[in-house]
Amino acid sequence: MGRQLKFHIFRYNPEDTNSVPRTDDFYLEETESMTLFIALTRIREEQDPSLQFDFCCRAGICGSCAMVINGRPGLACKTLTRDLPAEITLMPLPVFKLIGDLSVDTGTWFRSMNEKVGSWIHNDEAFDPDAQEERMDNALAEEIYELERCVECGCCVAACGTANMREDFVGAVALNRIARFMLDPRDRRGEKEYFEVIGTDEGVFGCMGLLACEDVCPKELPLQDQLGILRRKMGWSALKRLFRVK
Amino acid sequence: MAIDTTIYVRAPSGASAYLDGLQMLTGAGLILFMWSHMILVASVNLGPGAMNTIARFFEDTYMVQVGGPMIGLTFLLHFVLAARKVPFRVEQQSTIWKHSRMLRHTDTWLWLVQASTAMVILIMGSIHMWTVLTDLPITAAKSAARIQGGFWLVFYLILLPMVELHVGIGFYRIAVKWGLIGRKRRKGFKRFENILTVIFILIGLITIVRFMTLST
Amino acid sequence: MDTELADLLCIGAGLAGERVAIEAASCGFKAICLSIVPPRRSHSSAAQGGMQASLGNCAMGAGDNQDIHFQDTVKGSDWGCDQEVARLFVETAPRAVREMAFWGIPWNRVVPGKSAFFKGGKEYEKVEPKENKGLITARDFGGTAKWRTCYTSDGTGHTLLYTMDNKVVELGVAVHDRMEAISLIHDGETCTGVVARCLKTGRLKAYLARATLIATGGYGKIYKESTNAVINDGGGAIIALDTGVVPFGNPEAIQFHPTGIVPTNILVTEGCRGDGGTLLDVNEKRFMPDYEPEKAELASRDVVSRWMIHHIREGCGVKSPYGDHLWLDIRHLGERHIKTKLREVEEICNNFLGIDPVTQLIPVRPAQHYSMGGVKTNKDGAAYGLKGLFSAGEASCWDMHGFNRLGGNSLAETVVAGKIVGEKIAEFLKGYDVQFKTASVKDVADRVQERLERRISGKDGGESAFEVRNAMQDELMERVSIFRNGKDLEKAVENLQGIYERSKRVGLRSNGIGASPELALALKIQGMLRLAICVAYAALKRTESRGCHAREDYEARNDRDWLNRTLATWKEGEDLPTLNYEPASGVLEIPPGDRGYGVSKIITRDGETTGA
Ligand SMILES: Cc1cc2nc3c(=O)[nH]c(=O)nc-3n(C[C@H](O)[C@H](O)[C@H](O)COP(=O)(O)OP(=O)(O)OC[C@H]3O[C@@H](n4cnc5c(N)ncnc54)[C@H](O)[C@@H]3O)c2cc1C
Ligand code: HEM
Ligand code: HEM
Ligand code: SF4
Ligand code: F3S
Ligand code: FES
């Protein structure tokens, strides 16, 4: 009764000297509430056990399963096949290193991104186990959480033309991360420190405002707004520096 | 960590920020100029007299003689700044081309349009400015004669949409890049901007037709 | 073969593994974490509800303290926990929460003034005290006397894990992701690392370490319907069982969660019920108050799960192509509440079911959720049986959960145990030296290599790894789930042994080159079956009902004969585990009594029968 779905899937196993980049076709009958997680798992178990792809939480939480779905980066586990046409083309995310088929190495990329932007609370004080916690306004906590919802899926990076052209561009995800720490009073970094990290062409001034990041982010993070805020802040910071009497 | 293990200290430089800011400012300046320019030239629609009077005014106050080359400089400066972003290497070009085709995402396409119209504008705009500025004064009659010659008609028919697209997209881009337009207002603003572009192209076309029909 | 040296090797980079690594690294030791997925993708990120610590800052948590948390935990465990460990846990939890706040968690905070909350479908009002403005607040969770569950909207596990990994990055602790531990290196007395397989290239790699920690999380994926991630297939449990000397504690203690959505088993948080969501049956009638008049939907999750299955068996379930289910109703909480406090739930419903919980009912049924059992350790986190081997987090049986863990206690366990075990490991490392024997490394590596080649060549047969796994999952789901009885369990053990034989004959269909997902499964399927048999066999032997272990043929909790903990080991060459028992707790600060909810038939230690 369900539709006959046709999958065009990119195939290549770099570890296998006999493997060449190509596209394989698979057919599957659609069932109710079928997600790409269900479909791909079935293809692997019933048709081709060598097919590589990544799923972990299968609930849109962990960011493992990002791939290019009919041209758009997205999370496969939260894509219902009923929202797609009967022909579905699946490709691995660009920018990241290919591991095989639909699987790419996001781990290495994100670790180095986190190192580059110093993705942690910078604070020289020692934790006092007996003291009450520092107070924080609930509204601020929620604001920080709003930006912390990023799952490092890499969709925004893969969708960004700048990141595709220029390897050294940190991408919207990194800029959003900095925005998160800027909000946080526990992080003692000042404007100057932040500027050093992102006030460059690899950082916020490299962004050309393509906004694909904003449009594909599966967690709907407010990337456009954060990029705008950062650009203004960093611009101000540079202006102030220009007019500062040395 | 308490111990700083970095072995070199990069002198914090504002270069990228200044260049980006300047790119935006030159862009914005050119937008303002182009809007005024289009309206000034379109004044011919009110009659050749109107255009001549305005042109005379600008020349008598030396705004054309001084402003013209200034615009030319801004134009060049903007080109130099924006060129930093244009993919000149074949490899990058093919990357962004494939990427845009895959993504089918309007704003990414718009950037490609912006970058490619820029190249046309660079060449045609320079020729145009040179022609007009070395043949002062500006009069409706001279303009009409040029356009009725045929070559300039084709020339403007190409340049006009290129410029308007570039300007329109640039306007939108400045607004979203600098956060003047937030995510909630983006869609509406884009519509507004599209309409604006169409209106300017229409005015331009009408102007060209008017030049065509103006008896010299 | 590539070899890497470390002071501490953490197998697992979820909350528990990373917390331990941080402690060791802070003391100057070299720690390396292994993980199947990039660390931030570990399943800790899926926990939405929150973590328990008795801060007592919010109005409904006023007066809370460690003793009350302790009581809740012990009662929740149905007296199956180690009370010394539970005590240690509740004492450290508040400090652990504050430390995480210091490291950057945006915990939700107390907002002074009046606000409304729902409980069991009714609206009440509370007033948050002014003087606590901005302190860490808490929400209600099943099975607790006070509001004690600290949270960040619906992403507590996510923020905890990101903050934890931030700390790991800050300290420069190496995490080798896509590196799966395949076998422990040991000589029967001392553990000195693992042989792992790289899931990028397929190559083997040896890690030699003075201390090794198993923090591989839950193993729910031996069941068909589970809220666990697809990688939660018991890797850590398997390599521990494989040693033949490290006992596995309480394998039969498996918890089911009442509200997995149908059909994908994605969990909708307990917070739904905590905030006032209700359960409805086919007639859209609320049924929990009939079974649990006082706590209703907020009774502990095993109780709720059991009544749900019971109600479905009574014929009150909603028919669907995926089997019968019930409804979860949160419509009355209102759009604003759902869109802010329960946003992830809303997203789940939209994305995976295509329904809007503001106006529609959510199809739910119980699914496997948490494994209380695990690698048995002492209170310092040191595994029984092998020196230099430790365990923490869901993979371990530390054992503060006994036969039922409370919602919110497991996230807390990962950071609390992580901290404590980390300190103990640092102490251990200070005065400890060990000889790495090249012979035993080579021995293990050779054996793994041989196993790998046999699977690829198909020398032992051509059974499909996927089919064998599916057969096992179905069997456990069918006969070793919420309601258990001797007949079914016996059948299950017998069937599982048959499937175990098949697992020995698994051969690949693909060429096994590179990461090869098929090979990864083929390498552990036998271990998964051993684990499954341990669960079924231990459940068969435990002839009582305790916590989530509910026997239809032994309805009473039997403190006379079963106030103990199962210890399962698997001797090489055997086809059944060896079961030993130890007392559940060395100290009984709170003597066994009534849990206060659920069926309360108890055979006391004196042999008297009380309750219904
Ligand atoms: C859907 C869901 C919701 C939950 N909600 C809550 C809640 O609200 N409150 C609460 O307190 N608890 C909750 N829990 C339970 C809690 O999240 C987990 O018990 C806890 O996070 C486990 O943490 P962990 O560090 O032990 O394991 P995990 O976070 O699962 O990490 C395991 C790590 O081990 C690695 N690993 C596994 N096998 C191997 C191998 N063979 N080799 C190398 N690495 C390996 C993995 O890659 C991963 O890094 C929930 C659980 C689920 C499934
Ligand atoms: C009348 C002439 C021109 C006008 C009005 C104009 C206007 C603009 C504006 C407003 C922007 C957006 C600026 C920003 O995003 O910061 C822009 C961007 C750009 N312009 Fe022009 N421009 C003109 C001529 C040119 C020329 C001659 C070039 C030649 C190369 C050029 C190349 C570009 C490029 C590549 C961008 C994109 C830069 C980016 O995305 O960061 N423009 N232009
Ligand atoms: C100071 C510099 C400029 C002056 C004085 C000037 C003047 C004029 C004049 C007089 C005309 C009428 C046609 C003609 O005489 O040939 C004209 C038309 C035109 N100009 Fe310019 N121009 C200037 C700069 C530019 C620039 C930088 C651009 C774009 C890159 C541009 C684009 C056009 C176009 C597209 C038309 C056709 C107008 C229409 O269709 O309405 N001009 N300009
Ligand atoms: S910002 Fe969005 S798209 Fe980018 S990594 Fe985070 S969740 Fe993914
Ligand atoms: S797509 Fe890329 S260019 Fe900027 S707005 Fe987003 S980062
Ligand atoms: S599998 Fe975790 S986001 Fe898709």
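Quick note: the coordinates plus some simple rules give every number you see, no bench work behind them. As the structure is a prediction and not an experimental result, all values here were calculated from the model. Because the Cβ atoms are built from the backbone with ideal geometry, glycine has one as well, and the counts that use them run over all protein chains shown.
List of remarks:
- Here the dipole of the protein assembly as shown is about 3160 debye; that uses its Cα centre as origin and unit charges on the Cβ of Lys and Arg (positive) and Asp and Glu (negative).
- Overall, the anisotropy analysis places segment A:1-78 in the oblate class: the square-rooted eigenvalues a ≥ b ≥ c of its C-alpha gyration tensor yield a/c not less than 1.5, with a/b not exceeding b/c.
- Put simply, the amide H of C:ILE182, placed in the peptide plane, has neighbours under 5 Å in C:VAL195, C:ALA196, C:ARG197, leaving out anything fewer than 5 places away on its chain.
- A P(r) calculated from all alpha carbon pairs of segment C:189-331, with 5 Å bins opening at zero, reads 2, 8, 14, 17, 14, 11, 9, 8, 7, 6, 4, 1, 0 percent.
- Listed residue (A:LEU98, A:THR79, A:ILE38) projecting farthest to the positive dipole end of chain A, Cβ model: A:LEU98
- Size of chain C as Cα extents on the principal axes (Å, biggest first): 68, 55, 52
- Approximate spin-label separation A:ARG82-A:GLN4, in nm, with each point projected 7 Å along Cα-to-Cβ: 2.2
- Remark: C:MET51, A:MET182 ranked as A:MET182, C:MET51, counting other beta-carbon atoms within 10 Å and listing the fewest first.
- Once C-alpha pairs closer than 8 Å and six or more residues apart are averaged by separation and normalised to the residue number of chain B, the relative contact order reads 29 percent.
- Linear extension gain, C:THR610 paired with C:ARG203, 0.36 nm per residue minus alpha-carbon span: 140.6 nm
- Remark: segment A:118-242 is approximated by an ellipsoid whose semi-axes, taken from the C-alpha gyration tensor as √(5λ), come to 27, 18, 13 Å, largest first.
- Anchor C:LYS126: lysines whose Cα lies under 29 Å away (excluding residues fewer than 8 positions away in-chain): C:LYS75, C:LYS114, C:LYS146, C:LYS285, C:LYS295, C:LYS339, C:LYS341
- Here the relative contact order of segment A:121-246, from alpha carbon pairs under 8 Å that lie six or more residues apart, stands at 30 percent.
- Karplus (6.51, -1.76, 1.60) ³J(HN,Hα), θ = phi - 60°, over segment A:81-94, in Hz, Gly and Pro reported as x: 5, 5, 8, 10, x, 5, 9, 10, 9, 10, 10, x, 4, x
- Measuring r between the beta carbons of C:THR340 and B:THR134 and using R0 = 56 Å, the FRET efficiency lands at 0.30.
- Fraction of antiparallel bridges per DSSP, chain C only, in percent to nearest 5: 65
- When B:HIS105, C:HIS158 are sorted by how many other C-beta atoms sit within 10 angstrom of their C-beta, beginning with the fewest, the order is B:HIS105, C:HIS158.
- Counted residue by residue at 0.36 nm each, then reduced by the alpha carbon distance between them, the extension gain from C:LYS491 to C:ASN350 reaches 46.7 nm.
- Helix A:36-46 and the longest principal axis of the Cα set of chain A meet at an angle near 40°.
- As a proxy for reagent exposure, ranking C:THR259, A:THR31, C:THR609, A:THR81 by other Cβ atoms within 10 Å from fewest up yields C:THR609, A:THR31, A:THR81, C:THR259.
- Near A:THR108, once Lys and Arg are set to +1 and Asp and Glu to -1 for all other residues with Cβ below 10 Å from its Cβ, the sum equals +2.
- Note that segment C:515-521 has calculated 3J(HN,Hα) couplings of 4, 5, x, 5, 5, 4, 5 Hz, one per residue in order, obtained from phi through the Karplus relation 6.51 cos²θ - 1.76 cosθ + 1.60 (θ = phi - 60°); glycine and proline are x.
- Length gained when the stretch C:GLU589-C:ASN564 is fully extended (0.36 nm per residue, less Cα-Cα span): 7.4 nm
- A Cα-only calculation for the protein assembly as shown places Rg and Dmax at 32.8, 120 Å.
- Estimated FRET transfer efficiency when R0 is 41 angstrom, pair B:VAL90-A:ASP124 (beta carbons, to 0.05): 0.25
- Under 26 Å from B:LYS85, Cα to Cα: lysines that are on another chain or at least 8 residues apart: A:LYS97, A:LYS116, A:LYS192, A:LYS233, A:LYS240, B:LYS98, B:LYS177, B:LYS187, B:LYS190
- Cα centroid separation, segment C:561-612 to segment B:158-216: 78 Å.
- Two-site FRET efficiency, B:LEU19 against B:ASN194, from Cβ-Cβ distance with R₀ of 22 Å, rounded to 0.05: 0.15
- No Cys partner within the rule (Cβ under 4.7 Å), chain C: C:CYS27, C:CYS58, C:CYS81, C:CYS150, C:CYS191, C:CYS198, C:CYS272, C:CYS316, C:CYS349, C:CYS397, C:CYS534, C:CYS548
- Contact order normalised by residue count of segment A:4-104, Cα under 8 Å, 6+ apart, percent: 34
- Surrounding net charge for C:GLY155, when Lys and Arg each add one and Asp and Glu each subtract one, Cβ distance under 12 Å: -2
- Global dimensions of chain A from alpha-carbon coordinates: Rg and Dmax equal 21.2, 76 Å.
- DSSP bridge pairs, the protein assembly as shown: antiparallel proportion in percent, nearest 5: 70
- Farthest toward the positive end of the dipole of segment C:249-325, out of C:CYS316, C:MET288, C:ASN250, is the Cα of C:CYS316, where the dipole comes from beta carbon charges about the Cα centre.
- With 5 Å bins from 0: P(r) over segment B:86-216, alpha-carbon pairs, percent: 2, 9, 15, 17, 17, 14, 11, 8, 5, 2, 0
- Normalised by 2.2 N^0.38 Å, where N is the number of residues, the alpha-carbon radius of gyration of segment B:1-158 equals 1.43.
- Among A:MET234, A:VAL157, A:PHE181 - extreme Cα towards positive end, dipole of segment A:118-242, charges at beta-carbon: A:MET234
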